[in-house]
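**Student:** Have a look at the structure that comes next, please.
The values are calculated or read from the model by the stated rules, or taken from the named source; none is laboratory data. Treat the numbers as computed from the prediction; the structure is a model and nothing was measured. FYI the Cβ positions are ideal-geometry reconstructions off the backbone, even for glycines, and counts take in every protein chain you see. We work out accessible area using only protein heavy atoms, side chains counted, and drop any ligands, DNA or RNA first. Shrake-Rupley method; radii C 1.70, N 1.55, O 1.52, S 1.80 Å.
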Amino acid sequence: MGLEATMIVVDNSESSRNGDYLPSRWEAQADATNLIFSAKTGANPESSVGLMSMGGSTPEILTTLTTDIGKILDGLHRTKIKGSSHFSTGINVAALALKHRQNKSQKQRIIVFTCSPIEEDEKSLIKLSKRMKKSAISIDIIAFGELGEETTKKLEAFSENCQSAEGSYLAIVQPSSNLLSDSLITTPILGGDGGAGGAGASGSGGEGGDTGGNSFEFGVDPSVDPELALALRMSFEEEKARQEKEKKAKEAAEGKTDLETIGEGDEKQPLLDDEGQPSGSGSKAKKDKDDDKMDTA
């Protein structure tokens, strides 16, 4: 993460009321927004973050670009859940807000949360995507909720066509007992290694790799904000452990785990082998030793 101006677009449509993400889709977005702000400003104090919503009758800018987390939280608090989402219009408004940033040396990025069906057709989305790429605006998409195949296909096409040197990523996060913010830790959006092919907890998207030229883990300098760096590391380790646990459980269910070997002296072990000799593990070794003695005599 370098010097950036980032507009976070939250989905406050009626779909965000759903409780399949703890504690709800809307609260999960609010928590993740807080984390993204801390990561961006922690990586570079001169980076700024703005907030807008794309639900209701029309998208609305809640907070202009700022370095004050209080303004972001206030914007989230004032947001009402209503209506349907306006994906394309929301991105266009966010791009306009970035165009008027005070520090022109800041690279432009839009992070969009979406948990609603996308009404726009794929062709118009690809056209919008290419226009954003031409304007040097990177776009990260955090898709979560019960996404249909059609919506997923549209998002993948959009993300694929706005790829740039700065990186644009699509994170598809499936419902789980984990917090949405914890799942984002492992994605390139927050400087993670993109353990699922650069697409968050699940799904397909941009390739992992360099996330903006910052050599610090998760894009945060521990000497500047040690508490945030520690929190990001702990969340990453918890998410990694959870994924490993799920993987092992899946392998066990499919019968891929190795069978345990029968221990010496097990009651199920036969007393005699096929040759009628004692089956104890030491008997054969003792017999072979005796045979060796007879050969050398």
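**Student:** Under the Karplus relation 6.51 cos²θ - 1.76 cosθ + 1.60, θ = phi - 60°, what is the ordered set of whole-Hz ³J(HN,Hα) values for region 81-88, x standing for Gly and Pro?
**Tutor:** Computed from phi, the couplings for region 81-88 are 7, 6, x, 10, 8, 10, 4, 5 Hz.
**Student:** Quick one: grab the alpha carbon gyration tensor of region 4-186, order the square roots of its eigenvalues as a ≥ b ≥ c, and give me rounded if a/c is under 1.5, else prolate or oblate depending on whether a/b is larger than b/c. Please report the intermediate quantities before stating the final value.
**Tutor:** Details: a/c = 1.40, a/b = 1.08, b/c = 1.30.
Taking the square roots of the gyration eigenvalues as a ≥ b ≥ c, region 4-186 is rounded.
**Student:** Using amide H atoms built 1.01 Å from N in the peptide plane, name the residues 5+ places from Ser24, or on other chains, whose amide H lies under 5 Å from its own.
**Tutor:** Amide H to amide H, under 5 Å and 5 or more residues apart or across chains, Ser24 pairs with nothing.
**Student:** How many percent of the accessible area of region 4-186 is carbon or sulfur, using a 1.4 Å probe?
**Tutor:** In region 4-186, the share of accessible area belonging to carbon and sulfur is 49 percent.
**Student:** Show the residues, 5+ positions off or on another chain, whose built amide H is closer than 5 Å to the amide H of Ile8.
**Tutor:** Result for Ile8 returns Gly50, Leu51, Met52, Ile111.
**Student:** Could you give me the ³J(HN,Hα) list for region 63-74, computed from phi with Karplus coefficients 6.51, -1.76, 1.60 and θ = phi - 60°, whole Hz, x at Gly and Pro?
**Tutor:** Coupling constants for region 63-74: 9, 6, 3, 8, 10, 9, 5, x, 5, 5, 5, 5 Hz.
**Student:** Further question: For each pair in Lys82/Lys154; Lys40/Lys104; Lys154/Lys245; Lys99/Lys130; Lys104/Lys127; Lys107/Lys247, compute the distance between the two Cα atoms and list the pairs where it is over 28 Å.
**Tutor:** Going by Cα-Cα distance, Lys154/Lys245; Lys107/Lys247 fall outside the 28 Å limit.
**Student:** Give me the accessible area per residue for region 4-186, probe 1.4 Å, as a whole number in Å². Could the numbers behind the result be given before it?
**Tutor:** Working: 7600 Å² over 183 residues.
Accessible area per residue, region 4-186: 42 Å².
**Student:** Something else: Looking at region 144-191, which GluC sites (Glu not before Pro) are in a loop (DSSP not H, G, I, E or B) and have at most 16 other Cβ atoms within 10 Å?
**Tutor:** Sparse-neighbourhood loop GluC sites (Glu not before Pro): Glu146.
**Student:** Another question, if that's okay. Kindly work out what percent of the DSSP beta bridges joining two residues of region 4-186 are antiparallel, to the nearest 5.
**Tutor:** Values: 4 of 28 bridges.
Just about 15 percent of them are antiparallel.
**Student:** Can you tell me, using C-alpha contacts under 8 Å and at least 6 residues apart, the relative contact order of region 4-186 as a whole percent?
**Tutor:** So the answer I get is 26 percent.
**Student:** Hey, another quick one. I'd like the Karplus ³J(HN,Hα) series for region 148-161: coefficients 6.51, -1.76, 1.60, θ = phi - 60°, whole numbers in Hz, and an x wherever there's a Gly or Pro.
**Tutor:** Once rounded to whole Hz, the list reads x, 4, 5, 5, 4, 4, 5, 5, 5, 5, 4, 5, 5, 8.
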